[in-house]
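Enquirer: One structure follows; several queries about it will come next.
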Amino acid sequence: MRALFCLFAMLLAAGTPEARAEAPSLTFVGEYRLPTGLMVDGVEIGGLSAVDYDPVSGEYFALSDDRVEFGPARFYRLAIDLSAEGIRSVDIRERIEILNPDGEPYGEFGADPEGMRLADGVLVWAHERDENGRPYAGIMRLDGRQVRAFDLPDTYFPTEGGGIRTNLGFESLTLSADKRSVILANENAMEQDGPKASVDAASAARMIVFDLQSGEQIGEHVYMTETVADAPEQADQFNTNGLVELLALDDGTLLAMERSFSVGKGNVIRLFHVDMTGATDVSGMASLVEQSVVPVSKTPVLTLRPGDPVDRIDNVEAMTFGPVVDGKRTLLLVSDNNFNPRGQFTQFLLYTFD
């Protein structure tokens, strides 16, 4: 316990750099829902954990986090009709199967897709764990065939007392505004870096940066999550909070999404403006414990709770910019329904972005 206390005391003492740009302002426009159980070509659509907009075609690419339980590893091409009044429709145009590096279909539990972005005719993507619990990040073509993988540091691979935690590994992925680098982030701290988020504790999630062309690691920083937003109804019931998505802004800063859930209280989604300027590069640090580290800076932007802005906030964990509507850029948030027919659905929330 003393080592963990030292870590977070040092993080607090080190402080965070000042954000270099004003935090963005978001205005809610409308909501659209797809029911759980909706079938497309004989396979259920759901588990949407990443979404990205192609301004050239006007299409959206959406990634399913199905662990090859309800269908093959896959992503979708979507057509979303939206306006200043809201979202009129969401149409699934095509389902594309993701093949493993050998060009074969992934077997059951062979992939857990979580992050994806479009880059010059290819998709940069990551999955949280294969059948051996190992994370993966790489590039695939639009037909689902792998191009190459990024070389992840050994610190990310599960060992006794180290590596990513189950269901708390790579969840966020974005490209820098100039499309030259890839930023990946864990949902929570790895085993060797400190505790996972709780009602009483934040969590030190690592953000790793790769050069897109060479695949070389060019940086790594610490993102401190918030604590769990609401205590569950009973102390021993499930609760969590973590970093679930990143989105690059034009000025080099980021928009970060944290998703908190507690039994009996539901989901709370929090967006933050993030600046990596001045943050410590922790590349090569085997552990963050007892290290003096300056994390990235965070400024609150938006909090979504049940009833604000809509009656239900589902498991939102994907976001992308959309087209410009009436002179304003749009931001689309999408939920992962967990393939759960009991009260969950695929939710699209539309905002304008200033």
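Enquirer: Being over 25 Å from Asn186 (Cα atoms) and touching a Gly at 6+ places or on another chain (Cβ under 6 Å) is the filter here; which residues of the range 37-67 pass it?
Expert: If the condition is that a residue be over 25 Å from Asn186 (Cα atoms) and touching a Gly at 6+ places or on another chain (Cβ under 6 Å), then Val43 is the only one that fits.
Enquirer: Answer yes or no as to whether Gly30 is in contact with a Gly (Cβ under 7 Å, 6 or more places away or on another chain), assigned to a strand (DSSP E or B) and not hydrophobic (A, V, I, L, M, F, W, C). First the steps, then the outcome.
Expert: Values: in contact with a Gly (Cβ under 7 Å, 6 or more places away or on another chain): yes; assigned to a strand (DSSP E or B): yes; not hydrophobic (A, V, I, L, M, F, W, C): yes.
Yes, satisfied.
Enquirer: Could you grab me the full set of residues in the range 100-119 that are surrounded by 19 or more Cβ atoms within 10 Å (Cβ to Cβ) and in a strand (DSSP E or B)?
Expert: Correct list: Pro113, Glu114, Gly115, Met116, Arg117, Leu118.
Enquirer: Let me ask something additional. Got a sec? Which of Ile92, Ile87 is buried (at least 19 other Cβ atoms within 10 Å of the Cβ) and among the β-branched types (Val, Ile, Thr)?
Expert: Of the residues listed, the single one that is buried (at least 19 other Cβ atoms within 10 Å of the Cβ) and among the β-branched types (Val, Ile, Thr) is Ile87.
Enquirer: Another question about this same structure. Over 25 Å from Glu258 (Cβ atoms), within 23 Å of the chain's Cα centre (by Cα) and acidic (Asp, Glu), is that true of Glu44?
Expert: yes
Enquirer: Another question about this same structure. Output the number of residues of the range 173-194 satisfying the condition of being within 20 Å of Phe150 (Cα to Cα) and either among the hydroxyl-bearing types (Ser, Thr, Tyr) or without any contact (Cβ under 8 Å) to a residue 40 or more places away in the chain (or both).
Expert: Residues in the range 173-194 being within 20 Å of Phe150 (Cα to Cα) and either among the hydroxyl-bearing types (Ser, Thr, Tyr) or without any contact (Cβ under 8 Å) to a residue 40 or more places away in the chain (or both): 6 in total.
Enquirer: Assigned to a strand (DSSP E or B) and either in contact with a Ser or Thr (Cβ under 6 Å, 6 or more places away or on another chain) or surrounded by fewer than 15 Cβ atoms within 10 Å (Cβ to Cβ) (or both), is that true of Val324?
Expert: Judged against the criteria, Val324 is a match.
Enquirer: Within the range 263-272, restricting attention to residues that are buried (at least 20 other Cβ atoms within 10 Å of the Cβ) and in contact (Cβ under 8 Å) with a residue 40 or more places away in the chain, which residue is farthest from Pro232 (Cα to Cα)? Can you show your working first?
Expert: Keep residues of the range 263-272 that are buried (at least 20 other Cβ atoms within 10 Å of the Cβ), which gives 267-272.
This time we only want the ones that are in contact (Cβ under 8 Å) with a residue 40 or more places away in the chain, so: 267-271.
Numbers: Asn267: 11, Val268: 12, Ile269: 16, Arg270: 18, Leu271: 21 Å.
Step by step, filter the range 263-272, then rank; the result is Leu271.
Enquirer: Mind telling me which of the residues Val301, Val334 ends up being touching a His at 6+ places or on another chain (Cβ under 6 Å), in a strand (DSSP E or B), crowded, with 16+ Cβ neighbours inside 10 Å and in contact (Cβ under 8 Å) with a residue 60 or more places away in the chain?
Expert: Details: Val334 fails: touching a His at 6+ places or on another chain (Cβ under 6 Å).
Every option except Val301 fails the conditions.
Enquirer: Same structure again: Filter the strands (runs of 3 or more DSSP E) completely within the range 198-261 down to those with at least 3 residues that are at pLDDT 95 or above and more than 13 Å from the chain's Cα centre (by Cα).
Expert: 204-211, 217-224
Enquirer: Is it the case that Ala50 is aliphatic (A, V, I, L, M), within 22 Å of Val244 (Cβ to Cβ), in contact (Cβ under 8 Å) with a residue 60 or more places away in the chain and part of a strand (DSSP E or B)?
Expert: Numbers: aliphatic (A, V, I, L, M): yes; within 22 Å of Val244 (Cβ to Cβ): yes; in contact (Cβ under 8 Å) with a residue 60 or more places away in the chain: yes; part of a strand (DSSP E or B): yes.
Yes; evaluated as a whole, the condition is true for this residue.
Enquirer: Please verify whether Ser287 is of a type in the set (Ser, Thr, Tyr) and either more than 18 Å from the chain's Cα centre (by Cα) or not in a strand (DSSP E or B) (or both), treating the condition exactly as stated.
Expert: In short, yes.
Enquirer: For Ala126, work out the one condition from (1) part of a loop (DSSP other than H, G, I, E, B); (2) of a type in the set (Gly, Ala, Ser); (3) in contact with a Gly (Cβ under 7 Å, 6 or more places away or on another chain) it doesn't fulfil.
Expert: It is condition (1) that Ala126 fails.
Enquirer: If you take the residues in the range 69-113 that are within 18 Å of Asn338 (Cα to Cα) and of a type in the set (Phe, Trp, Tyr), which one is farthest from the chain's Cα centre (by Cα)?
Expert: Out of the qualifying residues, it is Phe70.
Enquirer: State yes or no: is Asp151 assigned to a strand (DSSP E or B) and loosely packed, with under 15 Cβ neighbours inside 10 Å?
Expert: Taking the combined requirement at face value, the residue does not satisfy it.
Enquirer: Also: Would you call Ala197 of a type in the set (A, V, I, L, M), within 23 Å of Thr280 (Cβ to Cβ) and surrounded by fewer than 23 Cβ atoms within 10 Å (Cβ to Cβ)?
Expert: Working: of a type in the set (A, V, I, L, M): yes; within 23 Å of Thr280 (Cβ to Cβ): yes; surrounded by fewer than 23 Cβ atoms within 10 Å (Cβ to Cβ): no.
Judged against the criteria, Ala197 is not a match.
Enquirer: With (1) surrounded by fewer than 20 Cβ atoms within 10 Å (Cβ to Cβ); (2) assigned to a strand (DSSP E or B) as the list, and Val310 as the residue in question, which single condition is left unmet?
Expert: Status for Val310: all satisfied but (2).
Enquirer: Residue by residue through the range 177-194, note down the ones that are surrounded by fewer than 17 Cβ atoms within 10 Å (Cβ to Cβ) and either charged (D, E, K, R) or assigned to a loop (DSSP other than H, G, I, E, B) (or both).
Expert: Answer for the range 177-194, where residues must be surrounded by fewer than 17 Cβ atoms within 10 Å (Cβ to Cβ) and either charged (D, E, K, R) or assigned to a loop (DSSP other than H, G, I, E, B) (or both): Ala177, Asp178, Lys179, Arg180.
The values are calculated or read from the model by the stated rules, or taken from the named source; none is laboratory data. The shown structure was predicted, so the numbers you read here are calculated from the model rather than taken from an experiment. Neighbour counts run over all protein chains shown; Cβ positions are idealised from the backbone, glycine included.
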